[in-house]
Amino acid sequence: MSHTPPVYTPDALPDAETLYAGLREAVRRELAALPAGSVHLVGIHSGGAWLAERLQADLDLPGKPGTLDISFYRDDFDRIGLHSQVQPSDIPFVVADAHLIVVDDVLFTGRTIRAAMNELFDYGRPASIRLAVLLDRGGRELPVAACAVGARVEPAPDGSLVLTRQEDGSFALALEKETDDE
């Protein structure tokens, strides 16, 4: 049974908690389709790591999720350089033959996900990799698709959608407009 996530315009996005509820249910459906005990969540720093941590608790999954910082696997060093706040990756389980659900906050070009898969294969060969995202904003440059999506945004907004985690653990989403610095 396929589930189609809701589609919103950039100026009519619901709050991040509503989007999270949709993502949680989509991930629950993905988990039901995979063999119990061999599935692990892996969050991409930082928004995806926050989401994976909360999904792990809300879905009552054992252990803790893995986290990835894909800074060293990016293909745009020449344009943006290395991020100054590189976080350590932490994969607290055996990747070989595991079913992984990579979690990120916003899916855009697909390049972050490509980098995450490259890093994951350094840990071993998983049985499968699925993708769960809070928000899909379109604009793919690589053939990447999420199987669990909180919502889609059409048309893609001008600027970046940024997820933040509040002190109480709840999420907020903001659209940061791009500026022309000339």
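Quick one: in region 42-81, which of the residues that are of a type in the set (S, T, N, Q) and under 12 Å from the mean Cα position of the chain (by Cα) is modelled with the highest pLDDT?
THR67
Could you give every pair whose Cβ atoms fall below 9 Å, whose first residue belongs to region 97-115 and is closer than 17 Å to SER71 by Cα, and whose second residue is of a type in the set (Phe, Trp, Tyr) and surrounded by fewer than 18 Cβ atoms within 10 Å (Cβ to Cβ), counting only separations of at least 6 or pairs across chains?
Once the first residue is closer than 17 Å to SER71 by Cα and sits in region 97-115, its partners that are of a type in the set (Phe, Trp, Tyr) and surrounded by fewer than 18 Cβ atoms within 10 Å (Cβ to Cβ) give ALA115/PHE72.
Identify, from the list ARG125, ARG114, the residue that is closer than 20 Å to GLN87 by Cβ, at pLDDT 95 or above, out of contact with any helix residue (DSSP H, G or I) (no Cβ under 6 Å at 6 or more places or on another chain) and surrounded by fewer than 21 Cβ atoms within 10 Å (Cβ to Cβ). Lay out the reasoning, then the answer.
Working: ARG125 fails: closer than 20 Å to GLN87 by Cβ.
When all the criteria are applied, what remains is ARG114.
Among residues belonging to region 135-171 that are modelled with pLDDT of 90 or more, of a type in the set (A, V, I, L, M) and out of contact with any Phe, Trp or Tyr (no Cβ under 8 Å at 6 or more places or on another chain), point out the one that is farthest from VAL103 (Cα to Cα).
Top of the filtered list is LEU142.
Do any residues in region 43-60 that are of a type in the set (A, V, I, L, M, F, W, C) have Cβ atoms under 6 Å from those of residues that are surrounded by fewer than 24 Cβ atoms within 10 Å (Cβ to Cβ), where the two are at least six apart or on different chains, and which pairs are they?
Partner pairs satisfying both residue conditions: ALA49/THR67; TRP50/ARG165.
Would you mind stating whether SER84 is out of contact with any strand residue (DSSP E or B) (no Cβ under 9 Å at 6 or more places or on another chain), at pLDDT below 95 and surrounded by fewer than 18 Cβ atoms within 10 Å (Cβ to Cβ)?
Considered against the rule, which asks whether it is out of contact with any strand residue (DSSP E or B) (no Cβ under 9 Å at 6 or more places or on another chain), at pLDDT below 95 and surrounded by fewer than 18 Cβ atoms within 10 Å (Cβ to Cβ), SER84 comes out as yes.
Failed condition for ALA26, given (1) touching a residue at least 60 places away in the same chain (Cβ under 8 Å); (2) exposed (fewer than 14 other Cβ atoms within 10 Å of the Cβ), with all others met?
Evaluating ALA26 over (1) touching a residue at least 60 places away in the same chain (Cβ under 8 Å); (2) exposed (fewer than 14 other Cβ atoms within 10 Å of the Cβ) leaves (2) as the failure.
Being of a type in the set (Asp, Glu) and more than 22 Å from ASP136 (Cβ to Cβ) is true for just one of ASP105, ASP58, ASP90, ASP76. Which residue is that?
Matching residue, one of ASP105, ASP58, ASP90, ASP76: ASP90.
The values are calculated or read from the model by the stated rules, or taken from the named source; none is laboratory data. Only a predicted model underlies this, so the values are computations on that prediction, with no experimental measurement involved. Here Cβ is always computed from backbone atoms with ideal geometry, including for glycine, and neighbour counts include all displayed protein chains.
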